[in-house]
Amino acid sequence: MALRARVLYDFSSENPGEISISENEVVTVYSEQELEGWLEGENSRGETGLLPASYVEIIRTHIPSGSSNNGLSVPKANSQACTSPDPQEGFHTSQGSDDDWDDDWEDSSPASNAPRGLGGVPALYPVTSSLPGRRDSAQQQQQAKSSATVGRNLNRFSTFVKSGGEAFLLGEASAFVRDGDRICLALGKHGPEWQENPYPFTCTIDDPTKQTKFKGMKSYMSYGLTPTHTNVQVNRRYKHFDWLYARLVERFPVISVPHLPEKQATGRFEEDFIAKRRKGLIWWMNHMTSHPVLARCDVFQHFLTCGADEKAWKQGKRKAEKDELVGANFFLTISTPSVPLDLQEVESKIEGFKTFTKKLDENIVVVNTTIIEFARKQATGFKKEYQKVGQSFKLLAQAFELDQQAYSAGLNRAIAGTGDAYEAIGDYFAEQPRQDLDPISDLLDFYRGHLANFPDIIHVQKGALTKVKDCPKQESELHDRCNIISCATLAEIQHFHRTRIRDFRSQMQHHLRQQIDFFQKITTKLQETLQKYDDG
């Protein structure tokens, strides 16, 4: 049955099969059933095709109780636009046009049966705050004592509460931790560090291929992943990366899981977009495989190694979604060095890192803007100017040819060759940013997403520290639990610095090598052109 809908935002069609719509326009949609985030409908100009579902709201007729319908159609307010979001609902993933779950990897279990997590964590994982039989009466008394001594955060939607940091600090976390789930921290030269992965590996991402299903009605891009510790390729879609990202974010509250490349509603199969997304996924994967904790995580290993066996994949998927060691229980997995940290020193380090990340984020924006503008000038301005010079030399050669003197023919050819050389150099400038500037811009974009995670991580640690300051000194267990959160936070900061130094050193070296090759290529071209004057 056809329905009327009001357009919320302007949309210009970019691909065959799409239609353009304008804000406040009333359109007809043939069904409320979405297909990868799109609806089929007709605009006011009579054009039929696909339009983005999130850009429109269905107009429904509402008849108040006890009154007659006067034939007026009253638009129903869009629940997302007019209702304040419930923080307990958390964030939703897989909302891109090509990223909705479908039959191949779906779990048939009804989502409504999944319990909520601690402190309003989204119901992506069932988390048990107290497991029967695992806490004796002495532990219960100690928990009651801690809870009575230390006040709870009044803002139950704060990062400290939602992450499970408060529940852990108050002794409310309880779960069985296997030896394989334990995360060991070592005391290094510069403070706590994640214990290195004894079996390091990397993972390549091959050029994606376009796949179809439902007899060609649905298309998507499939990426080939080949981890070095198995050398077996598995195929993954972007939505699978999105699912993994959501699991990891919930699993590790004080570990920075970098953001994935952004989604895009249209142009998903264009070559430039696919290439850019693949580069972003490579940066993401390189970080994941080099992280001592994330690389060894069960769900990440399952993502990399589970092949085409659908049953095996679904078993691993269900296991990940029922993981108990999330939120507050995550901190139970951490084993800290025997020597506790000086909390004043911890606070000083955290404040220093907070200042550092704020300045780094600001300057990354400046550097990226400068690089993008410079790349644009090379691709347009520099190329155009060199072509102008080249064409002017060619005009000079044409003028010289009018003298019709045989002995000037060599000079005429050399000057014309100089014009060709300058035009070629203009092309070199236009092509060069892809080799040296674009990779730096990609790295800066990646680290901006990385830095965006740390305010929440810092908030968890500072929340724990604040609770400790407010409690009596005899609350030793509270101090011990705060020490665990602090050690994990400092270890993640230490890892961030190490990978930052590695990544930026490598990328700047690559940039300078490309610049040297670039100018050597120009020098070679000019030397070849100079030789033409001697040959004539």
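Among the residues of segment 342-361 satisfying the criterion of being of a type in the set (A, V, I, L, M) and either within 20 Å of ASP456 (Cβ to Cβ) or at pLDDT 90 or above (or both), which is most open to solvent (accessible area, probe 1.4 Å)?
LEU360
For segment 319-331, indicate whether the set of residues that are free of Cβ contacts under 8 Å to residues at least 40 places away in the same chain and either in contact with a helix residue (DSSP H, G or I) (Cβ under 8 Å, 6 or more places away or on another chain) or at positive phi (or both) is non-empty.
For segment 319-331, residues free of Cβ contacts under 8 Å to residues at least 40 places away in the same chain and either in contact with a helix residue (DSSP H, G or I) (Cβ under 8 Å, 6 or more places away or on another chain) or at positive phi (or both): present.
Hey, GLY46 hits all of (1) at pLDDT 85 or above; (2) not polar (S, T, N, Q); (3) not in a loop (DSSP other than H, G, I, E, B) but one; which does it fall short on?
The failed condition is (3).
Determine which member of the set LEU526, LEU490 is closer than 17 Å to ASP420 by Cα, hydrophobic (A, V, I, L, M, F, W, C) and part of a helix (DSSP H, G or I).
Exactly one residue qualifies, and that residue is LEU526.
Just to be sure before I move on: is ALA452 farther than 22 Å from SER163 by Cβ, hydrophobic (A, V, I, L, M, F, W, C) and open to solvent by less than 70 Å² (accessible area, probe 1.4 Å) in the structure I sent? Talk me through it step by step, then tell me what you get.
On the way: farther than 22 Å from SER163 by Cβ: no; hydrophobic (A, V, I, L, M, F, W, C): yes; open to solvent by less than 70 Å² (accessible area, probe 1.4 Å): yes.
Considered against the rule, which asks whether it is farther than 22 Å from SER163 by Cβ, hydrophobic (A, V, I, L, M, F, W, C) and open to solvent by less than 70 Å² (accessible area, probe 1.4 Å), ALA452 comes out as no.
Where in segment 214-310 are there helices (runs of 4 or more DSSP H), lying wholly inside it, with at least 2 residues that are closer than 30 Å to ARG498 by Cβ and polar (S, T, N, Q)? I'd like the intermediate steps shown before the answer.
Details: elements: 238-251, 271-290, 298-305.
In segment 214-310, 271-290, 298-305 are the helices (runs of 4 or more DSSP H) which contain 2 or more residues that are closer than 30 Å to ARG498 by Cβ and polar (S, T, N, Q).
Scan (1) over 23 Å from VAL257 (Cα atoms); (2) open to solvent by less than 40 Å² (accessible area, probe 1.4 Å); (3) not in a strand (DSSP E or B) for the single condition PHE201 breaks and write down its number.
Checking PHE201 against (1) over 23 Å from VAL257 (Cα atoms); (2) open to solvent by less than 40 Å² (accessible area, probe 1.4 Å); (3) not in a strand (DSSP E or B), the one that fails is (1).
Confirm whether VAL339 is in a loop (DSSP other than H, G, I, E, B) and either open to solvent by 40 Å² or more (accessible area, probe 1.4 Å) or among the hydroxyl-bearing types (Ser, Thr, Tyr) (or both). Don't jump to the end; show me each part of the working.
Numbers: in a loop (DSSP other than H, G, I, E, B): yes; either open to solvent by 40 Å² or more (accessible area, probe 1.4 Å) or among the hydroxyl-bearing types (Ser, Thr, Tyr) (or both): yes.
The answer is yes for VAL339.
Of the residues that make up segment 365-373, is at least one hydrophobic (A, V, I, L, M, F, W, C), in the same structural domain as PHE504 (by the TED database) and under 21 Å from GLU431 (Cβ atoms)?
To start, the set of residues in segment 365-373 that are hydrophobic (A, V, I, L, M, F, W, C) comprises 365-367, 371-372.
Subsequent filtering for residues that are in the same structural domain as PHE504 (by the TED database) retains 365-367, 371-372.
Adding the requirement that they be under 21 Å from GLU431 (Cβ atoms) leaves 371-372.
Yes, segment 365-373 has at least one match.
Per-residue answers, yes or no, for (1) of a type in the set (A, V, I, L, M, F, W, C); (2) modelled with pLDDT of 85 or more; (3) not assigned by the TED database to the domain that holds VAL249:
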position: LEU154; (1), (2), (3): yes, no, yes
position: SER219; (1), (2), (3): no, no, no
position: GLY224; (1), (2), (3): no, yes, no
position: THR228; (1), (2), (3): no, yes, no
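Which of the following residues is on the phi < 0 side of the Ramachandran plot, open to solvent by 60 Å² or more (accessible area, probe 1.4 Å) and either within 28 Å of the chain's Cα centre (by Cα) or not aromatic (Phe, Trp, Tyr) (or both): ILE334, ILE364, ILE372?
Just one listed residue meets the conditions, ILE372.
Looking at segment 210-265, which of its residues are open to solvent by less than 50 Å² (accessible area, probe 1.4 Å) and among the acidic types (Asp, Glu)?
Answer for segment 210-265, where residues must be open to solvent by less than 50 Å² (accessible area, probe 1.4 Å) and among the acidic types (Asp, Glu): ASP242, GLU250.
The values are calculated or read from the model by the stated rules, or taken from the named source; none is laboratory data. Every value quoted in this text rests on a predicted model; they were computed, and no experiment measured them. Heads up, the Cβs are rebuilt from the backbone with ideal geometry, glycines too, and the neighbour counts pull from every protein chain shown. Just so you know, the surface numbers come from the protein's heavy atoms only, side chains and all, with ligands and any DNA or RNA stripped out. Shrake-Rupley method; radii C 1.70, N 1.55, O 1.52, S 1.80 Å.
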